[in-house]
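The values are calculated or read from the model by the stated rules, or taken from the named source; none is laboratory data. Quick caveat: nothing in here was measured; it's all calculated off a predicted structure. Glycine gets a Cβ as well: all are built from the backbone with ideal geometry, and neighbour counts include every protein chain shown.
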Amino acid sequence: MMANKSLFNIVVLVSGSGSNLQSIIDNAGDIGIKIQLVISNKSGVFALKRAQKSGIETEFIDHNNFQSREDFDQELINRINKINPKLVVLAGFMRILSTDFITAFKGKIINIHPSLLPKFKGLNTHQRAIDSGEKFAGASVHFVDNKLDSGTIILQQKVAIEKTDSAKTLAAKVLKQEHILYPKAIKKVLANEI
Ligand code: GAR
């Protein structure tokens, strides 16, 4: 059993089901991390329940209560700064982050996106991949910078698109791979292998 002090503290931001969060929780020992806090901008999401079930501190910060993106992000910054985490991990966090936030945690924010970046940034990635006649879809873990889904790529995993795939079946196949990819990518970043 690793001593607690040698674990890297991380904060995870979520907005939804949290299946990637679950995979990070399940692999935390192997990665060598302690998830100090999970923050959601959406109330009652399953991601919060997953964290609570694992005894992880959670916080719901409603972006609707703030006048601007910057005000909401400042609240996030204040909360995260109390922890001073090694990494801020976005796991299905469906909000664009301001320059202030990205500057506050420069080089420490990573995200998982359900496409083979730089292809299909933004939303509705699976339908767009199918409509474009792509042979492969996939997932990418990348550092977050000031442009949407554009930072340095840490790891990617391809998934073949079958003729019979719908956006729904493809999303399920990609998500399964995401669960393997994200823990590996976090481990890689923490080992300074990127
Ligand atoms: C995942 O497919 C993730 O890649 C995607 O949202 C889903 C969250 O699922 N993220 C984005 O689209 C970010 N732009 P989860 O809540 O079950 O982890």
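Table for the structure above
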read-out: Any hit, segment 9-20, residues being part of a helix (DSSP H, G or I), modelled with pLDDT of 95 or more and within 14 Å of the ligand (Cβ to nearest atom); value: yes
read-out: Number of the condition not met by residue 72 [criteria: (1) in contact with a His (Cβ under 6 Å, 6 or more places away or on another chain); (2) of a type in the set (A, V, I, L, M, F, W, C); (3) more than 23 Å from residue 103 (Cα to Cα)]; value: (3)
read-out: In segment 103-121, residue nearest to residue 177 (Cα to Cα) [restricted to those that are within 15 Å of the ligand (Cβ to nearest atom) and over 14 Å from the mean Cα position of the chain (by Cα)]; value: 116
read-out: Any pair with Cβ under 9 angstrom, 6 or more apart, that starts in segment 4-17 at a residue that is within 15 Å of residue 83 (Cα to Cα) and ends at one that is modelled with pLDDT under 95 and of a type in the set (Phe, Trp, Tyr); value: none
read-out: Residue, nearest to residue 175 (Cα to Cα), within segment 78-97, restricted to residues that are surrounded by 16 or more Cβ atoms within 10 Å (Cβ to Cβ) and hydrophobic (A, V, I, L, M, F, W, C); value: 91
read-out: Residue list for segment 43-98, restricted to those being under 30 Å from residue 124 (Cβ atoms), outside any helix (DSSP H, G or I), charged (D, E, K, R) and free of Cβ contacts under 8 Å to residues at least 40 places away in the same chain; value: 59, 62
